[in-house]
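Before any comments, here is the structure.
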Amino acid sequence: MSAVRKVSRIAGCVGLAWCAWVFASATSAAEEPAKTPKLWAADEMRWEEDKRLPGVKSVLLWGDPQTGEHGMLRKFPAGFAPPLHTHPSVERLVVISGTVLVGYAGSTDKRLGPGSYSEIPANTAHSAKCASGAECVFALMSSGRFEIRPVPEK
């Protein structure tokens, strides 16, 4: 795939993620509107290593994951799978590239490719794995603080 097509695809998926966020969440009265535009080309994104999940990288798009509503891009290495876990707030994601396998109690894993959407309610035990073969990039939006709470094994 050419670099131009790849950047266009990523930009389109980020746009789709933003639209999904707007339609799927209620307006937050506490959120202050942006004062200046943010326009980042894909090569301008500053990926940061996740301190809790080795190999995982993120780009914060808006908000503050330590305190409340936010959106970020996440990148999982091929084959990466955090342990079964919950989050204290709803977790919404749109897959940009790769294939993410998502499952929750009582379900079988669902394969989500580019353009696919997932919404996991707060405190719902679930799994998410990047399929082998290629890294996974997805937009993650949450209505509140971002925290990964591992579910104890039985």
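Checking the condition small (Gly, Ala, Ser), touching a strand residue (DSSP E or B) at 6+ places or on another chain (Cβ under 7 Å) and open to solvent by 20 Å² or more (accessible area, probe 1.4 Å), which residue from 79, 55, 71, 106 passes? Sole residue among the options that is small (Gly, Ala, Ser), touching a strand residue (DSSP E or B) at 6+ places or on another chain (Cβ under 7 Å) and open to solvent by 20 Å² or more (accessible area, probe 1.4 Å): 79.
So, of the residues in segment 35-52 that are of a type outside the set (A, V, I, L, M, F, W, C) and in a loop (DSSP other than H, G, I, E, B), which turns out to be least open to solvent (accessible area, probe 1.4 Å)? Lay out the reasoning, then the answer.
First, the residues of segment 35-52 that are of a type outside the set (A, V, I, L, M, F, W, C): 35-38, 43-44, 46, 48-52.
Filter once more, keeping what is in a loop (DSSP other than H, G, I, E, B): 35-38, 46, 50-52.
Numbers: 35: 158, 36: 99, 37: 114, 38: 122, 46: 188, 50: 19, 51: 194, 52: 131 Å².
Once the filter is applied, the top-ranked residue is 50.
Contact map, segment 104-128: first residue under 15 Å from residue 79 (Cα atoms) and of a type in the set (Asp, Glu), second residue open to solvent by less than 40 Å² (accessible area, probe 1.4 Å) and assigned to a strand (DSSP E or B), Cβ cut-off under 7 Å, separation 6 or more or different chains; pairs are 109/101; 109/102; 109/103. Quick check: is even one residue across segment 93-100 touching a Pro at 6+ places or on another chain (Cβ under 6 Å), of a type outside the set (Val, Ile, Thr) and touching a residue at least 60 places away in the same chain (Cβ under 8 Å)? Scanning segment 93-100 turns up at least one residue that is touching a Pro at 6+ places or on another chain (Cβ under 6 Å), of a type outside the set (Val, Ile, Thr) and touching a residue at least 60 places away in the same chain (Cβ under 8 Å). One residue stands out in segment 125-149 among those that are open to solvent by 20 Å² or more (accessible area, probe 1.4 Å) and modelled with pLDDT under 90: the one that is farthest from residue 58 (Cα to Cα), namely 149.
For segment 103-117, the set of residues classified as at pLDDT 95 or above and on the phi < 0 side of the Ramachandran plot consists of 110, 111, 112, 113, 114, 116, 117, listed by residue number.
The values are calculated or read from the model by the stated rules, or taken from the named source; none is laboratory data. Because the structure is a prediction, the values reported are computed rather than measured. Backbone-built Cβ (ideal geometry, glycine too); neighbour counts: all protein chains shown. Each accessible area value is taken on the protein alone, full model and side chains, heavy atoms only, with ligands, DNA and RNA left out. Shrake-Rupley method; radii C 1.70, N 1.55, O 1.52, S 1.80 Å.
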